[in-house]
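Notes to accompany the following structure.
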Amino acid sequence: MSAREEILDRIKSALRDSPAVPQIPRNYRRETDKTAEQRLGQLVDRLEDYKANVFVVPAAGAPARLAELLAGCASIVVPHGLDPQLLSALPRTGTGDAGTLAVAVDSPERPLTVAALDAVDAVVTGAAVAVSETGTIMLDGGPSQGRRIISLVPDRHVCVLRAADIVEVLPEAMARLEATAPQTWISGPSATSDIELERVEGVHGPRTLDVLILT
Amino acid sequence: MRIALFATCIVDAMYPRTARATVSILERLGHEVVFPPGQACCGQMHVNSGYFAEALPVVANHVKAFDTDDYDVAVAPSGSCVASVKHQHQLVARRCGDGALEARAAVVGARTYELSQLLTDVLGVTDAAGQLGSHFPHKVTYHPSCHGMRLLHLGDRQLNLLATVGGIELVELPEADACCGFGGTFSLKNADVSSAMMEDKAANICGTGAELCTGGDASCLMHIGGGLSRQGSEVGTLHFAEILASTLENPVTAAGNVQLAGARR
Amino acid sequence: MSNTFLGMPTLPVFGRGNLNATEPFPQAAHRELGNAQLRANLGHATHTIRDKRLKVVAELPDWEDMRDAGSAIKNATMAQLPALLEQFEANFTARGGTIHWARDAQEANEIATALIRETGETEVVKVKSMATQEIGLNEYLEGQGISALETDLAELIVQLDHDKPSHILVPAIHKNRSQIREIFLREMEDVDPALGNEPARLAETARRHLRKKFLSAKVAVSGANFGLADTGTLAVVESEGNGRMCLTLPETLITVMGIEKLLPSWSDLEVFMQLLPRSSTGERMNPYTSLWTGTTPGDGPQNVHLVLLDNGRTAALADEMGRTALNCIRCSACMNVCPVYERTGGHAYGSTYPGPIGAILSPLMTGIKSEENNSLPYASSLCGACFDACPVKINIPEILVHLRGEDVDSKRAKAKVPTQTDLLMKGAEWAFSAGSRLNLLEKGLPAGRLAAGRAKVIKKLPGIGGKWTQSRDIPAPPSQSFRQWWAKEHGAPNAAAPGTTGEGTISEGGRP
Ligand code: SF4
């Protein structure tokens with residue numbers, strides 16, 4: 001007998017008493033009625049609690065705010081599907097000149113190497129949806145977010161989120177996601193509680209998380 | 001109301017004062033107390049030690065003693081024993097394949113109350129000084145025993161009753177909800193861990209500056225009091241029923257190691 | 001197998017690997033209790049996490065609803081496990097993943113080794129996983145010439161110190177910051193001797209130590225927190241980003257997961273991703289959760305494997321009273337609140353799974369008769385704190401008591417000379433199964449009173465009672481039992497009119 005058959009047989013034999021399949025009581029909150037403003041406020045509060053830097057700006061002001069945020073950077077990476085408008089205010093007149101910024105574009109067809117990603121100062125991505133109650137931003141590998149690796153290797157992650165994509169509770173967010181898409185749920189910069197169960201930020205993932213929320 | 005007292009084996013044999021206090025409180029409220037004579041023990045020592053076969057006759061005895069129409073509700077001054085009557089008896093009967101006993105055990109369990117539950121939920125006692133004449137002018141701290149807290153969900157019932165006793169000064173026990181380490185035969189089988197838990201509980205009690213520690217389970221109080229006594233502490237333990245029963249005219253004294261001393265007087 | 005003629009394997013088939021206590025719990029506990037530093041470290045850590053958990057749990061108005069849902073989903077999973085495993089397999093495979101089945105630890109180790117060999121690599125990075133800990137994968141690989149590098153900070157600390165994990169979430173919980181600093185200085189190359197013991201500095205040191213390894217790793221080994229049957233999706237829940245590194249950078253990913261980790265559907269995850277982080281690290285959400293389904297072209301490892309592990313899980317499932325132990329999502333809340341764990345630490349339990357869940361899961365997986373695991377169900381005062389904390393409402397105290405029963409029965413079957421406990425229980429059965437018998441026994445109370453002497457305190461009991469008097473006195477018994485007093489007051493039992501127990505009677509007991 002193959003291991004597969006044998007294990008399945010063992011399970012069936014273990015369940016010979018035919019335990020009932022219970023009804024699942026889903027009395028927990030699956031949708032909520034917080035206003036957009038409340039959700040925004042809650043998300044900012046949660047993210048700041050995780051020691052992320054949060055900036056709320058009107059969509060029209062986003063390019064300028066982003067340029068300001070990236071002022072100290074020499075190089076960044078962006079996924080191929082990031083809204084080009086966002087990058088329109090960057091001092092991007094060629095590469096290598098003083099005060100200018102090299103922008104590398106990563107795509108599944110033209111992926112950057114790990115070494116190249118390790119060398120950039122920051123990554124700028126979009127986000128699929130965010131959960132205000134838990135302070136969680138979800139990336140699902142869509143064109144504005146790119147391959148999972150690009151938001152991981154650079155030491156700073158600048159995430160641009162539309163306020164319209166903020167929901168309050170996790171079930172609302174998951175309903176908007178495709179299960180089989182490669183996902184990363186991010187709640188603050190990397191952290192550990194492994195030393196005396198006290199949380200400290202900054203381990204292997206990006207040590208800085210900037211969240212730019214566009215209203 | 002006709003109330004059947006389940007004294008519990010440890011109170012019956014070691015702390016009769018606690019049962020007498022319970023009777024006294026209920027009679028002051030104008031109720032009639034009966035003592036089903038066949039009663040002995042709830043059997044949880046057997047069950048919790050894994051001796052189900054030996055537990056069965058003990059459980060059957062309890063059910064037989066209390067499965068009568070001779071009373072309205074039953075009461076015991078112990079969260080642990082009431083939890084056993086309410087939850088374990090059916091389990092034991094089921095495990096031993098005695099369906100009839102299981103059904104009768106369910107009926108008995110449903111009629112059985114822990115003392116603070118009965119006083120608060122059924123008899124409507126909200127003011128111990130006013131309704132029972134309770135008076136106990138001492139500094140007291142309170143340990144909520146695990147089974148009352150987690151299996152019966154007594155919440156603050158015992159504490160709220162104590163708070164309304166005349167003259168009492170209640171001080172909060174740090175880490176009150178931590179187990180004292182008794183655990184029945186756990187105190188023998190894992191005596192070292194049990195003692196370590198007891199020592200932390202004792203230290204917290206002594207740190208409050210209270211004259212004594214009260215609670216709702218004689219077994220835990222015996223464990224804690226036994227430890228305090230061994231350490232030479234002057235702080236004693238006393239069941240909350242005795243505090244409720246104490247009055248201006250007939251006070252219970254709180255000098256020395258009360259619960260230990262209680263049995264000797 | 002000789003029994004296949006039945007068409008069904010003989011159950012239960014128990015698990016092997018790092019699942020056994022090697023000495024009785026009381027003995028191990030005695031030793032660990034003597035380690036003052038350990039107790040201080042554990043006390044500090046468990047109290048920190050308890051407060052955090054209570055705070056974030058209290059924030060949610062529907063926490064109990066979530067626990068109810070979580071518990072029901074897991075029960076539903078177990079009831080339909082064969083079908084769900086097949087559904088998961090079909091979905092995971094359809095998206096380019098490969099599934100392997102392992103009957104026990106040995107088979108899982110062999111599968112993982114063969115998969116690593118195929119890549120030609122001799123070094124793998126690992127993200128913390130209980131399943132690989134349970135099967136002893138690291139040690140096995142070492143014997144095969146493959147080195148496995150733990151990348152979770154706490155696992156790294158334990159590995160560098162050649163120690164064993166003592167907690168399922170924070171394996172180095174028994175070490176404090178100064179001890180961790182010393183380990184880093186001793187075991188890592190290029191560590192600045194001026195390194196301080198601030199957790200942030202220590203975490204940074206770990207980052208530097210592992211970064212090169214991550215960026216060049218070709219093979220990673222992981223566990224999984226959840227597998228979703230209806231989509232074939234796997235989830236890893238973590239904090240540091242080492243999980244993301246392992247799950248996305250290498251070419252080959254080998255995941256080892258127990259068969260009980262499934263959830264029926266994607267939407268069930270919405271319950272567990274609320275229950276788990278708040279119960280484990282006491283956070284609203286853990287920093288990173290990764291989800292993958294087979295392979296995704298151009299994104300992450302393209303050679304993706306999953307080893308589905310039994311190793312005694314079916315034995316636990318066969319125990320109707322104990323099977324809910326498989327519902328465990330390894331949050332560690334039960335051990336964080338356990339007064340026994342808090343004082344003994346995880347090593348005292350021997351198995352990979354310590355604390356209250358370990359005390360039931362280990363003997364369920366290995367059988368109660370295995371080595372010293374029969375002492376584990378007694379490692380609890382049955383205070384119930386674990387049941388209260390468990391996000392999937394596993395009634396650990398009830399299962400502990402059930403397993404004590406199994407242990408008593410299995411020893412009874414051996415029909416040896418009865419132990420002191422056996423005799424105590426037999427005697428108590430006699431005394432407690434009739435009021436008249438207890439009454440008879442209680443007539444002996446004055447004798448006990450006499451034995452207690454003038455101090456009216458007993459300081460030393462013989463036999464097993466000596467375990468009591470090692471740290472506690474016992475009061476002298478009263479001169480008469482309650483039942484004797486009642487009979488005197490009321491004549492024949494219950495014959496007297498009410499009201500005869502006036503206030504005065506209590507003071508008789510209260511005054512010296
Ligand atoms: S038994 Fe419950 S509390 Fe303990 S680790 Fe498992 S899920 Fe968490």
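Taking chain A as a Gaussian network, where each spring joins two C-alpha atoms under 10 Å apart, which residue of A:16, A:46, A:30 fluctuates the most?
Of the options given, A:16 has the highest mean-square fluctuation.
How much mean residue ellipticity at 222 nm does chain B get from its helices, if each DSSP H run of length 4 or more adds -39500 (n - 2.57) and you divide by all residues, to the nearest 500 deg cm²/dmol?
-13000 deg cm²/dmol
Post the alpha-carbon centroid distance, the stretch C:153-227 to the stretch B:46-107, in whole angstrom.
52
Work out the mean other chain Cβ neighbour count within 10 Å for the residues of C:452-465 and drop it here as an integer.
Working: counts 2, 0, 1, 3, 5, 8, 2, 3, 0, 0, 0, 1, 4, 1.
Partner Cβ neighbours, averaged per residue: 2.
Between residue A:1 and residue A:80, what's the calculated FRET efficiency when r is the beta-carbon distance and R0 is 45 Å? Round to 0.05.
Here the calculated transfer efficiency is 0.35.
What do you get when you divide the Cα radius of gyration of chain B by 2.2 N^0.38 Å, with N the number of residues?
Against the compact-globule rule of thumb, the ratio is 0.97.
With a 1.4 Å probe, how much accessible area is buried between chains C and A, both sides summed, in Å² to the nearest hundred?
Working: alone 25560 and 12500 Å², together 30040 Å².
About 8000 Å² of accessible surface is lost on pairing.
For the stretch A:98-151, with only Lys/Arg (+1) and Asp/Glu (-1) charged at the beta-carbon, what is the dipole magnitude about the Cα centre, in debye rounded to 20?
Here the size comes out at about 100 debye.
Past 31 Å, Cα to Cα: identify those pairs from C:164/C:460; B:201/C:175; B:86/B:139, in the order given. Could you put the intermediate results ahead of the total?
Working: C:164/C:460 39 Å; B:201/C:175 25 Å; B:86/B:139 34 Å.
Result: C:164/C:460; B:86/B:139 exceed 31 Å.
For the pairs A:51/C:213; C:369/C:426; C:261/C:393; C:126/C:218, flag any whose C-alpha to C-alpha distance is greater than 21 Å. Each step should come with its number before you reach the end.
Numbers: A:51/C:213 27 Å; C:369/C:426 23 Å; C:261/C:393 16 Å; C:126/C:218 11 Å.
Over 21 Å apart, Cα to Cα: A:51/C:213; C:369/C:426.
Restricting to DSSP H runs of at least four residues, report the calculated mean residue ellipticity at 222 nm for chain C, -39500 (n - 2.57) per run over all residues, nearest 500 deg cm²/dmol. Mind showing how you got there, number by number?
On the way: 23 runs with 244 residues, N = 512.
It comes out at -14500 deg cm²/dmol, rounded to the nearest 500.
If I model a spin label as a point 7 Å beyond the Cα along the Cα-Cβ vector, how far apart are those points for residue A:89 and residue B:94 in nm?
The answer from the label model is 6.6 nm.
Rounded to the nearest 0.05, what FRET efficiency do residue A:114 and residue A:18 have when you use their Cβ-Cβ distance and R0 = 41 Å?
Once the sixth-power term is evaluated, E becomes 0.20.
Tell me the mean residue ellipticity at 222 nm calculated for chain A from its helices only (DSSP H runs of n ≥ 4, each -39500 (n - 2.57), averaged over every residue, nearest 500).
Mean residue ellipticity at 222 nm (helix-derived): -6000 deg cm²/dmol.
Need one number: buried accessible surface between chains B and C, 1.4 Å probe, both sides summed, DNA, RNA and ligands left out, in Å² to 100.
The buried area between B and C, both sides summed, comes to about 7300 Å².
Where a ≥ b ≥ c are the square roots of the eigenvalues of the C-alpha gyration tensor, would you call the stretch C:4-315 rounded, which needs a/c under 1.5, or, failing that, prolate if a/b is larger than b/c, or oblate?
rounded
Mean separation of Cα pairs under 8 Å and 6+ residues apart, divided by the residue count of the stretch B:2-122: what relative contact order is that in percent? List each step's numbers first, then the result.
Details: 174 pairs, mean separation 34.7, N = 121.
Here the relative contact order equals 29 percent.
What does the C-alpha gyration tensor say about the overall shape of the protein assembly as shown? Classify as rounded when a/c is under 1.5, otherwise prolate if a/b is larger than b/c, or oblate.
It comes out prolate by the Cα gyration axes.
Which aspartates and glutamates, if any, have their Cα less than 17 Å from the Cα of residue C:456, not counting same-chain residues under 8 positions apart?
B:234, C:473
Write down the Kirkwood hydrodynamic radius of the stretch B:2-122, to one decimal in angstroms, obtained as one divided by the mean of 1/r over all alpha carbon pairs.
Hydrodynamic radius (Kirkwood, Cα pairs) of the stretch B:2-122 is 14.3 Å.
Across peptide C:310-320, what mean number of C-beta atoms from other chains lies inside 10 Å of a residue's C-beta?
4
Between the alpha-carbon centers of the stretch A:1-69 and the stretch B:1-35, tell me the distance in whole angstrom.
Using only Cα atoms to place each centre, the spacing works out to 54 Å.
Would you work out which of C:226, C:441, B:103 lies farthest towards the positive end of the dipole of the protein assembly as shown, given +1 charges on the beta-carbon of Lys and Arg and -1 on that of Asp and Glu, about the Cα centre?
C:441
Could you do me a favour and compute the accessible area per residue for the stretch B:128-259, 1.4 Å probe, result in Å²?
That works out to 30 Å² per residue.
Using Cα pairs closer than 8 Å and at least 6 residues apart in sequence, work out the relative contact order for the stretch B:128-259, in percent.
Worked out over the stretch B:128-259, it gives 32 percent.
With the cut-off at 1.5 for a/c, could you classify the stretch C:382-443 from its C-alpha gyration tensor as rounded, prolate or oblate? Intermediate results must be reported in sequence, preceding the final value.
Values: a/c = 3.84, a/b = 1.57, b/c = 2.45.
It comes out oblate by the Cα gyration axes.
Check cross-link reach from residue C:414 to the aspartates and glutamates: straight Cα distance under 14 Å, and skip same-chain residues fewer than eight apart.
C:406, C:422
Can you give me the C-alpha center-to-center distance between the stretch C:288-365 and the stretch B:179-209, rounded to a whole angstrom?
Using only Cα atoms to place each centre, the spacing works out to 30 Å.
What is the percent carbon and sulfur in the accessible area of the stretch C:4-315, measuring with a 1.4 Å probe over the protein chains and ignoring ligands?
Solvent-exposed carbon and sulfur of the stretch C:4-315 make up 49 percent of the total.
Check the straight Cα-Cα distances from residue C:467 and name the aspartates and glutamates below 14 Å, setting aside those fewer than 8 residues away within the same chain.
Straight-distance partners of residue C:467: B:192.
Once you have all Cα-Cα distances for chain A, histogram them in 5 Å bins from zero and send the whole-percent values.
1, 7, 13, 16, 17, 13, 9, 7, 6, 5, 3, 2, 1, 1, 0
Give me the inter-chain shielding for C:196-207: mean count of other chain Cβ atoms within 10 Å, whole number please.
Taking the mean over all residues of the peptide, I get 4.
Can you give the % of DSSP beta bridges in the protein assembly as shown that are antiparallel, to the nearest 5?
In the protein assembly as shown, approximately 25 percent of DSSP beta bridges are antiparallel ones.
Give the calculated FRET efficiency between residue A:164 and residue C:106 to the nearest 0.05, with a Förster radius of 51 Å applied to their Cβ-Cβ distance.
E(calc), rounded to 0.05, equals 0.45.
Quick check for me: using +1 on Lys/Arg Cβ and -1 on Asp/Glu Cβ, what's the dipole size of the stretch A:89-215 about its Cα centre, in debye to the nearest 20?
Computed charge dipole of the stretch A:89-215: roughly 380 debye.
What whole-number value in Å² describes the accessible area per residue of chain C for a 1.4 Å probe? List each step's numbers first, then the result.
Details: 18010 Å² over 512 residues.
Solvent-accessible surface per residue comes out at 35 Å².
State, as an integer percentage, the relative contact order of chain A based on alpha-carbon contacts under 8 Å between residues 6 or more apart.
25
The values are calculated or read from the model by the stated rules, or taken from the named source; none is laboratory data. These numbers come from a predicted model, not from an experiment. Note that we place each Cβ from the backbone using ideal geometry, even for glycine, and neighbour counts take in every protein chain shown. Accessible surface is based on the protein model in full, side chains and every heavy atom, while ligands, DNA and RNA are left aside. Shrake-Rupley method; radii C 1.70, N 1.55, O 1.52, S 1.80 Å.
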